[in-house]
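The structure appears right after this line, and notes come after that.
Quick note: the coordinates plus some simple rules give every number you see, no bench work behind them. The structure presented is a predicted model; accordingly, all values stated were derived computationally and were not measured. Using ideal geometry, Cβ is built from the backbone for each residue, glycine included, and neighbour counts are taken over all protein chains shown.
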Amino acid sequence: MSTTRRDPQGPGRVPLADRERIDWHFHSVNQLICPARGVLQVSTARGSWAVPGHRAVWIPAGVPHAHRAHGPSELRCLTFAADVNPLALDAPTVLAVSPLLREVIGVLSGPHAPTGGRRERLELVALDELAEAPSFDRRLPTPQDPRLRDVAALLGTDPGDPRTLAELGTAVGASERTLSRLFRRETGMSFPQWRAQLRLQHALTLLATGRTVTATAAACGYATPSSFIEAFRLAFGTTPGRHGRADTPEVPDIPDTPDAPVTEGPALLVVEPPASPGRAEPSGDAVIPTAPASAYPAS
């Protein structure tokens, strides 16, 4: 893996088509990226992150990484000196974006971005918002052992692959017990947890391209759409349909092009009361929820 140094010249916007990739590179500055819509996949040697359109990702200076867009997107980027790191982060991290922070990112990265003192004051506002921004552990760890990498490659090609760990072990030449031990040692997760993380990341990318909830559930290996909806809600605090609607927030200067619809099948529509304005977002946003067995696809 070869990397190149790319230092952005201040805030800016980068339009990306569906599946468009920005190859491996690093910056000498810290970078905050907020996808206007779609899902941005950020990859490093340590793992990958899926960043929905209503979130942002902080990428520390010096960390080699690559991007891929899922669904048409526009990356809105701010940069900060390497020693300006309000959350003391040393790895890419998915962050919540407050309405104020979203507006500031939109203004600073826009075609009529302010300069001089006004820009400096808005950057201070952004840093102040970042200092209070909740972070979410959505990393899918990349295993290093060759046998685990082979398993990861098989499931990366088809996250809905229904084979058990024992069956996958037969395919890669390792016992179920060995693979189970290696998964815990190298990723900090059990195999079912790692696969659940993989499937949920894959679900985010499919929903971003307009795939229906029913089709996404099948592609990700869930027995029924309702079990997928339950697992998604436990992981992200919302249903897939509501997530899709939240993925297209009102942001300044976005072209008036509607995203592909994300809908749930008529027989599976989940109607929930709107969240109260003052309610805090679930602090877990964890990818490994504690849930009834029906919420998980077969391992």
Highest-first arrangement of 223-229, 166-172, where packing means the average Cβ count within 10 Å: 223-229, 166-172
At R0 = 51 Å, FRET efficiency that the Cβ-Cβ distance of GLN9 and ALA171 yields, to 0.05: 0.60
Intensity falloff of region 1-100 expressed as log10 I(q)/I(0), Debye formula with alpha-carbon point scatterers, at q = 0.10, 0.11, 0.15 Å⁻¹: -0.23, -0.28, -0.53
